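The values are calculated or read from the model by the stated rules, or taken from the named source; none is laboratory data. All of these numbers come straight from a predicted model, not from anything done at the bench. A quick note on method: Cβ atoms are made from the backbone with ideal geometry, for glycine too, and the neighbour counts reach across all protein chains shown. Note: accessible area is taken over every heavy atom of the protein model, side chains too, but ligands, DNA and RNA are not part of it. Shrake-Rupley method; radii C 1.70, N 1.55, O 1.52, S 1.80 Å.
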Amino acid sequence: MTKRILLATDGSESSRRALREAAAFARKGDVIRVIHTVEDPVTLLTSAFGKLIDLEQVRRDMQREGEEHLARAVLYLREEGFDDAQAHLIDLRTTGETVPEAIRREAIECGADIIVVGTHGRSGVRRAMLGSVAEQILRSAEVPVMLVAGEARPHAPLRAGGHYEQILVALDDSETSRRAFDYALSLARTHGALLRVVHVLDLPGPFIAGFDPEPLLHAVRAVGDQVRNWARQRMHEAGVPGEVEMREIQPVGEGVADQIVASGKDADVDLIVLGTHGRRGFRRFALGSVAEETARNAGRPVLLLPAHASHV
């Protein structure tokens, strides 16, 4: 089944990596639509600067640069075998939209199955993307969103063939997490990839003196066993090879995201898949906790499934 992939680019290094990841995610016959938004320089520069700078010339230069970015992106995609690659320049002065609003509208109009965006490196992810544009996209997106950090390792995708060899999905006992697992399972089957599943046991505590924690710890581990058995059964039924890893964290110190990131790095996976309302609630729509920390530190693309996403 043909997928439609929407890639938002700004010409940055993270966007170039996102371009490669979009090509890696896509399969032969999929359609990749690349968009570049041009913000109104009048809204970006103060009136004081406006007296010294020809803002209309700045706007024309931004439009020209945007067209050049799009042309290079489409050329790359067509060289990779995606002959139906599309490009669209969006002038935000004309549309009256913000960047997230324009991306969301484009995703709806083109029937996108996934949105791919670059973030601006580890130190800038929270400020530049996850605290603003990416977070706003995730809050309203009706499809999965892939975040690609500027320092994420580069890939060399096969021409129109996809290249994922290992995919990691974080799984707990929530419905949203299971939807993320199903998505990762389907993606692994499509790419012929190994699926790695990580379940993090978030052990309770510390406990007051005299309290016997064993029954509670046993219950937490019992849930983990159920999750592991469920995942193994689903993978067996789907004919997808893989492994289920159990990791424990202590009450003080590291967090769930630390273990997910460590699992991804230890196995050197190509992609991490997360649902955005797993155990612990992913407070503040996930970006204040597990998903943000994972995306910020993973060193590889992270695909997030918003809880309200309908196209999965």
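A few notes on this one:
- ALA112 vs. criteria crowded, with 19+ Cβ neighbours inside 10 Å and farther than 24 Å from ALA184 by Cβ: no
- Residue in the stretch 192-203 that is open to solvent by 50 Å² or more (accessible area, probe 1.4 Å), closer than 22 Å to LEU271 by Cβ, at pLDDT below 90 and assigned to a loop (DSSP other than H, G, I, E, B) present: no
- Taking the criterion of being in a helix (DSSP H, G or I), open to solvent by 40 Å² or more (accessible area, probe 1.4 Å) and at pLDDT below 60, the only residue of the stretch 129-157 that qualifies is GLY131.
- Hey, GLU237 open to solvent by 70 Å² or more (accessible area, probe 1.4 Å) and farther than 17 Å from SER174 by Cα or not: yes
- Tallying residues that are part of a helix (DSSP H, G or I), open to solvent by 30 Å² or more (accessible area, probe 1.4 Å) and not small (Gly, Ala, Ser) within the stretch 60-98 yields 17.
- Scanning the stretch 78-101 for residues that are touching a strand residue (DSSP E or B) at 6+ places or on another chain (Cβ under 9 Å) and either at pLDDT 95 or above or closer than 15 Å to LYS3 by Cα (or both) gives PHE82, ASP84, ALA85, GLN86, ALA87, HIS88, LEU89, ILE90.
- Residues that are part of a helix (DSSP H, G or I), open to solvent by less than 40 Å² (accessible area, probe 1.4 Å) and at pLDDT below 90, drawn from the stretch 19-57: PRO41, GLY50, LEU55
- Residue in the stretch 2-14 that is part of a helix (DSSP H, G or I) and modelled with pLDDT under 90 present: yes
- Just one of (1) among the aliphatic types (A, V, I, L, M); (2) modelled with pLDDT under 80; (3) in a helix (DSSP H, G or I) fails for ALA222. It is (2).
- Any chance ALA87 is of a type in the set (A, V, I, L, M) and free of Cβ contacts under 8 Å to residues at least 60 places away in the same chain: yes
- Each residue in the stretch 269-298 was checked for being open to solvent by less than 20 Å² (accessible area, probe 1.4 Å) and modelled with pLDDT of 80 or more, and 12 pass.
- Extreme residue, modelled with the highest pLDDT, among residues of the stretch 299-312 that are part of a loop (DSSP other than H, G, I, E, B) and hydrophobic (A, V, I, L, M, F, W, C): ALA307
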